[in-house]
Amino acid sequence: DAMVIQNPRYQVTQFGKPVTLSCSQTLNHNVMYWYQQKSSQAPKLLFHYYDKDFNNEADTPDNFQSRRPNTSFCFLDIRSPGLGDAAMYLCATRGTAGLHIQFDEQFFGPGTRLTVL
Amino acid sequence: SQQGEEDPQALSIQEGENATMNCSYKTSINNLQWYRQNSGRGLVHLILIRSNEREKHSGRLRVTLDTSKKSSSLLITASRAADTASYFCATEAGGTSYGKLTFGQGTILTVHP
């Protein structure tokens, strides 16, 4: 089944120790998103890729970076995790047609829950 | 800042009852979407309504949109225990925000068997 996969599902890291979360998709979608969702809060968009074009949200901390080496994979790097970065990180994809986004639905992975000790 | 506000924050009902959740937003939109999230899981798309639509149905779901009041409601009829989850509205604006969703705070729905 086509899907969005996130690994690992649970990640524990130490304060200040870099961590990488991964997302892969078999949907062949052009657009990939990373959201941060803290406990009992709404998902908050960090950045997204339209193909290889990277789009950062204005309030996304510099501590967060992303890589998309190919259509299928996208990585979220947290360079120096702080206690405030503990959250669920959600990856999502969206299909497009041509130059204009045609399909409105976003497909979410199960998320990676990050704990910072 | 978050676009949407949802109310109630939490809703507890008995199986078979209807559940209504409301969402308000601040700026003009292209469409409004509703997502469901089971505890500790990702989000699942439920239904989308465009800015030129007023009502939409999908199975036991009914969504309304009032762009003059900048509000939407999600009605789940004949609820089941399996409907227990958090429900989020998300808006997609136009312009430079095209393709990006802004989520509301969510409503936690508990359906008791």
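The values are calculated or read from the model by the stated rules, or taken from the named source; none is laboratory data. On a predicted model such as this, the values are computed, not experimentally measured, just so you know. Positions of Cβ are backbone-derived with ideal geometry, glycine not excepted, and every protein chain shown enters the neighbour counts. For accessibility, only protein heavy atoms count, side chains too; no ligands or nucleic acids. Shrake-Rupley method; radii C 1.70, N 1.55, O 1.52, S 1.80 Å.
Within the stretch A:20-43, can you find the residues that are open to solvent by 20 Å² or more (accessible area, probe 1.4 Å) and either acidic (Asp, Glu) or without any contact (Cβ under 8 Å) to a residue 12 or more places away in the chain (or both)?
A:Ser40, A:Gln41
Can you tell me which of (1) out of contact with any His (no Cβ under 9 Å at 6 or more places or on another chain); (2) within 12 Å of B:Tyr87 (Cβ to Cβ); (3) modelled with pLDDT of 95 or more is the one B:Gly16 doesn't meet?
Result: B:Gly16 fails condition (2) only.
Quickly run through the stretch B:34-56 and pick out the residues that are over 25 Å from A:Arg9 (Cβ atoms) and either in contact (Cβ under 8 Å) with a residue 60 or more places away in the chain or of a type in the set (Gly, Ala, Ser) (or both).
B:Ser51 - this is the single residue of the stretch B:34-56 that is over 25 Å from A:Arg9 (Cβ atoms) and either in contact (Cβ under 8 Å) with a residue 60 or more places away in the chain or of a type in the set (Gly, Ala, Ser) (or both).
Tell me, which residue of the stretch B:29-49 that is surrounded by fewer than 16 Cβ atoms within 10 Å (Cβ to Cβ) and modelled with pLDDT of 90 or more is nearest to A:Tyr35 (Cα to Cα)? Please lay out each step first, then the result.
At the first step, the residues of the stretch B:29-49 found to be surrounded by fewer than 16 Cβ atoms within 10 Å (Cβ to Cβ) are B:38-40, B:44.
Then drop every residue that is not modelled with pLDDT of 90 or more, which leaves B:38, B:44.
Numbers: B:Asn38: 16, B:Val44: 14 Å.
In this case the residue turns out to be B:Val44.
Any residue at all in the stretch A:8-19 that's within 24 Å of B:Thr102 (Cβ to Cβ) and open to solvent by less than 20 Å² (accessible area, probe 1.4 Å)?
no
Taking the stretch B:57-81 as the search range and keeping residues that are in contact (Cβ under 8 Å) with a residue 60 or more places away in the chain and surrounded by fewer than 14 Cβ atoms within 10 Å (Cβ to Cβ), which one is farthest from B:Leu109 (Cα to Cα)?
Start the filter on the stretch B:57-81 by keeping residues that are in contact (Cβ under 8 Å) with a residue 60 or more places away in the chain, which leaves B:78-81.
Restricting the remaining residues to those that are surrounded by fewer than 14 Cβ atoms within 10 Å (Cβ to Cβ) gives B:78, B:80-81.
Details: B:Ala78: 13, B:Arg80: 11, B:Ala81: 10 Å.
This residue is B:Ala78.
State all residues of the stretch B:59-113 that are within 13 Å of the chain's Cα centre (by Cα) and among the small types (Gly, Ala, Ser); if no residue qualifies, say none.
Across the stretch B:59-113, the qualifying residues are B:Ser71, B:Ser72, B:Ser73, B:Ala85, B:Ser86, B:Ala90, B:Gly104, B:Gly106.
Yes or no: the stretch B:76-87 includes at least one residue that is part of a loop (DSSP other than H, G, I, E, B), at pLDDT below 95 and polar (S, T, N, Q). Walk me through how you get there before you give the answer.
We begin by selecting, within the stretch B:76-87, every residue part of a loop (DSSP other than H, G, I, E, B); these are B:77-80, B:84.
Those still in the list that are at pLDDT below 95 too: none.
No - not one qualifying residue is present in the stretch B:76-87.
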